[in-house]
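Presented below is the structure to which this report refers.
The values are calculated or read from the model by the stated rules, or taken from the named source; none is laboratory data. Since we're looking at a predicted model, the values are computed, not measured. In this analysis, Cβ positions are derived from the backbone assuming ideal geometry, glycine residues included, and neighbour counts consider all displayed protein chains. We work out accessible area using only protein heavy atoms, side chains counted, and drop any ligands, DNA or RNA first. Shrake-Rupley method; radii C 1.70, N 1.55, O 1.52, S 1.80 Å.
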Amino acid sequence: MPEVYNDYFGQFGGRYVAEVLRTPLDELQAAFVEAMDDSRFSAEFDEMSATFTGRPTPMVHAANSSRELGGAEVFIKLEGLANTGAHKINNAVGQILLAGRMGKTRIIAETGAGQHGVATAAVCAKLGFECTVYMGEVDIARQKPNVFWMELFGAEVRPVASGSRTLKDAVNEALRDWAASYGDTHYLLGSALGPSPYPDMVREFQSVVGRESESQIDRMIIKAGLDLAALVACVGGGSNAIGFFSPFLDRETPRLIGVEAGGTGTGPGQHAARMGGLGRAGIVHGYKSLFLLDADGQVQDTHSVSAGLDYPGIGPQLAALGLSGRVEFNRATDREALQALQFFARNEGLIFALESAHAGAEAIKLAPQLPKTGAIVVNMSGRGDKDLFITAKELDPERWKAFLLAEAGQIPQDRGDGGSRKSRGRRMM
Ligand SMILES: *Cc1c(COP(=O)(O)O)cnc(C)c1O
């Protein structure tokens, strides 16, 4: 068992929660530690990964891009080929299997952009759990496609009307639900943050990305005589990055580079970069880490073209690894992410999620600075189909608008928003 199951990573982490949440967190910690020691649990996880998630996900050599960039060879881990389109499902599978072991029958989750909610709802559908997803009203309005998919999977999407009506308020509502329901309910937190044991647990479930990458790197990079120079991943809460990096954390090489959302600038509300001096130490959502806070210590608004990178805090382990220097942090702006999306689409036939395109942008900057004998691996944490409503608006606004207007004109008046929310997923049958 890794010796890392503890409350703190350097000065960050911990478990800062109301008394009522101590019991469910203690139970969860005990069940997690016990499961990690049980080979039957890892066999179940591997079975679901192979038959439902679609693992292993491939690693590709981005040969055309490497040639154009003219430096290190670029490789891409295609995590976006996992079912539901991103790495988030690894954590959903792990936690829902654990919830089953604990005898829980109901799963609750928070979601911002909706990606975590979609992954959670899909696994609940597969394994037969009741599913409630808390989502801010503002996010529901701007992430319609993911709300649609969650409901199609049979989940209830519960609108959150408090605070700024976004992700942080959805977390608070989910915690409130859990305090009253933990007898039969598991709270499935979506990134490597929150009160202990979530940062350890989410990292362990996402470390499947790192383990697979390690053997693919051995085959495609080391055996080919290339030097593994760097691993690059985007960082929202940090789950895809910490999972991808995890086998390499105790080594001195390769360089591990996390890329945060540089948005439109470094002013308040223009970005979501917590590292590099922009974030401040604080305690939010039950853990201590670096957050974007205003002068009064209130959580600040953030901005990113990618909805999955705009959480105001960073996972405590990555914050500590940033301060210790093992993980370097850079930023990519909205514009750089959109350019990276276009670059890899044109050169490789791959659609990066806008989140992952931040990591792609870093590879575009880094590769030309390294020798041709070097190699960089980028984690494409998700695929970009989900971003159509954002990327098409950004890259081809006029024709996209014409398309949407034509589509809207084809929806019959009397069917506009027919059917109750709960029945929508099933009314075709
Ligand atoms: C949610 C999401 C992220 C950000 O979350 P992390 O916990 O930082 O990984 C990144 N990429 C994609 C595709 C996502 O859906």
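Structure above, values below:
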{"item": "Failed criterion for Gly374 (all others in (1) within 11 Å of the ligand (Cβ to nearest atom); (2) open to solvent by less than 20 Å² (accessible area, probe 1.4 Å); (3) farther than 21 Å from Ser207 by Cα hold)", "result": "(1)"}
{"item": "Selected residue [open to solvent by 10 Å² or more (accessible area, probe 1.4 Å), closer than 22 Å to Val60 by Cβ and among the acidic types (Asp, Glu)] from Glu173, Glu214", "result": "Glu214"}
{"item": "Criterion (over 17 Å from the mean Cα position of the chain (by Cα) and in contact (Cβ under 8 Å) with a residue 24 or more places away in the chain) met by exactly one of Thr132, Thr120, Thr111", "result": "Thr132"}
{"item": "Yes/no for Met150 being assigned to a strand (DSSP E or B) and either more than 16 Å from the ligand (Cβ to nearest atom) or in the same structural domain as Leu98 (by TED's automatic domain parsing) (or both)", "result": "no"}
{"item": "Subset of region 74-85 that is open to solvent by 10 Å² or more (accessible area, probe 1.4 Å) and under 20 Å from Cys131 (Cα atoms) - its residue that is nearest to the ligand (Cβ to nearest atom)", "result": "Thr84"}
{"item": "So Ala392, is it surrounded by 12 or more Cβ atoms within 10 Å (Cβ to Cβ) and either within 13 Å of the ligand (Cβ to nearest atom) or among the basic types (Lys, Arg) (or both)", "result": "no"}
{"item": "Any hit, region 34-54, residues being closer than 26 Å to Leu388 by Cα, open to solvent by 10 Å² or more (accessible area, probe 1.4 Å) and within 16 Å of the ligand (Cβ to nearest atom)", "result": "yes"}
{"item": "Residues satisfying the stated conditions in region 313-335, i.e. within 15 Å of Pro195 (Cα to Cα) and aliphatic (A, V, I, L, M)", "result": "Ile314, Leu318, Ala319"}
{"item": "Residue ID - nearest to the ligand (Cβ to nearest atom), chosen from residues in region 217-237 that are touching a Phe, Trp or Tyr at 6+ places or on another chain (Cβ under 8 Å) and over 13 Å from His87 (Cβ atoms)", "result": "Leu231"}
{"item": "Odd one out for Ser207, checked against (1) open to solvent by 10 Å² or more (accessible area, probe 1.4 Å); (2) small (Gly, Ala, Ser); (3) within 16 Å of the ligand (Cβ to nearest atom); (4) farther than 19 Å from Ala353 by Cβ", "result": "(1)"}
{"item": "Qualifying residue in region 55-62 (condition: assigned to a strand (DSSP E or B), touching a Ser or Thr at 6+ places or on another chain (Cβ under 8 Å) and surrounded by 24 or more Cβ atoms within 10 Å (Cβ to Cβ))", "result": "no"}
